[in-house]
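To start, the structure under review is shown below, and the notes come after it.
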Amino acid sequence: MLPAYLPNPAAALFGGGTPIDFGRNYSDGRRFFGDGKTYRGLLLGVLAGIAVGLIEIRLAATYGFENLPHQTFTSIIVLSVGALLGDLVKSFIKRRLGKERGSKWPVADMYDLVAGALLLTLIVDPSWLFANITLPIFVFILILTPVLHRSVNIIGYLLKVKEVPW
Ligand code: CTP
Ligand code: MG
């Protein structure tokens, strides 16, 4: 799941600049996505996810890791792209609910990337998904995600990368 988990913190670190919605509003008068979703964050986030995935592929080729899921070029791309698409869809819905950029939306703010990554993988490469994300691994992802989310956001806040610790 590293290629899915890394894009968000990478976007927070390296993102900024032109917002994906170019500052435009939806028909409800609120922003499409808001200033927190930028082209640079999307691009550099996806590149970070793919980079860590390539490292995983390299390590697996060197050391075997017989009992671990094996990444493929397709899986690392769909996990990374899916994670940030999930984040984008989350922001779109968040704006429609009238929640401001950066405001707290407890469950959605954590599982957006997991839902996006796994759904895109289901669409593009279902055989990889079912072979690698077995039920126990899926349950483990559901448990690990809030722990990682909370830890990384607190670190981001302390490093002043994020304005809020969530
Ligand atoms: N970011 C970015 N581009 C993206 C995703 C994230 O530039 N596609 C950066 C933004 O600087 C953003 C930060 O990463 O503020 C943290 O991301 P996130 O928490 O998802 O955004 P929020 O600012 O909280 O906005 P929202 O309320 O829409 O979730
Ligand atoms: Mg946020």
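Could you tell me what percent of the accessible area of segment 47-111 is made up of carbon and sulfur, with a 1.4 Å probe and every protein chain present? Don't skip to the end; give the middle numbers.
Numbers: 2480 of 3640 Å².
Accessible surface attributable to carbon and sulfur in segment 47-111 totals 68 percent.
About its Cα centre, segment 2-158 has a charge dipole of approximately 620 debye under the convention of +1 per Lys or Arg Cβ and -1 per Asp or Glu Cβ, with nothing else charged.
Database remark: amide H of R31 closer than 5 angstrom to the amide H of Y26 (H placed geometrically; neighbours at sequence offset of 5 or more, or on other chains; Pro and chain starts carry no H).
Pop the C-beta distance of I55 and W105 into the FRET formula with R0 = 30 Å and round what comes out to the nearest 0.05. Result of the calculation: an efficiency of 0.40. Where in segment 34-49 is the amide nitrogen less than 17 Å from a point lying 7 Å along the Cα-to-Cβ axis of F22? Of the residues in segment 34-49, 34-35, 37-40 have backbone N under 17 Å from the label point off F22. Using the Karplus relation 6.51 cos²θ - 1.76 cosθ + 1.60 with θ = phi - 60°, the per-residue 3J(HN,Hα) values for segment 25-40 come to 9, 7, 5, 7, x, 9, 4, 4, 10, x, 5, x, 10, 10, 4, 5 Hz, with x marking Gly and Pro. Taking each residue as 0.36 nm, the span from L135 to E66 lengthens on full extension beyond its C-alpha to C-alpha distance by 23.0 nm. Backbone amide hydrogens, once placed in the peptide plane, bring T38 within less than 5 Å of G16, I20, excluding anything fewer than 5 places away on its chain.
Sequentially through segment 53-61, phi angles give Karplus couplings (6.51, -1.76, 1.60; θ = phi - 60°) of x, 5, 5, 4, 4, 5, 5, 5, 5 Hz, Gly and Pro residues having no value and appearing as x.
Taking θ as phi - 60° and the Karplus parameters 6.51, -1.76 and 1.60, the scalar couplings of segment 77-83 work out to 6, 5, 5, 5, 5, x, 4 Hz in sequence order, x denoting glycine and proline.
Largest GNM mean-square fluctuation across A115, A61, A48, computed for the chain with C-alpha springs under 10 Å, falls on A61.
For W166 and I123, the difference between the fully extended length at 0.36 nm per residue and the C-alpha to C-alpha distance is 12.5 nm.
The values are calculated or read from the model by the stated rules, or taken from the named source; none is laboratory data. Computed from a predicted structure; not experimentally measured. Using ideal geometry, Cβ is built from the backbone for each residue, glycine included, and neighbour counts are taken over all protein chains shown. The accessibility values were calculated without ligands, DNA or RNA, using every heavy atom of the protein model including side chains. Shrake-Rupley method; radii C 1.70, N 1.55, O 1.52, S 1.80 Å.
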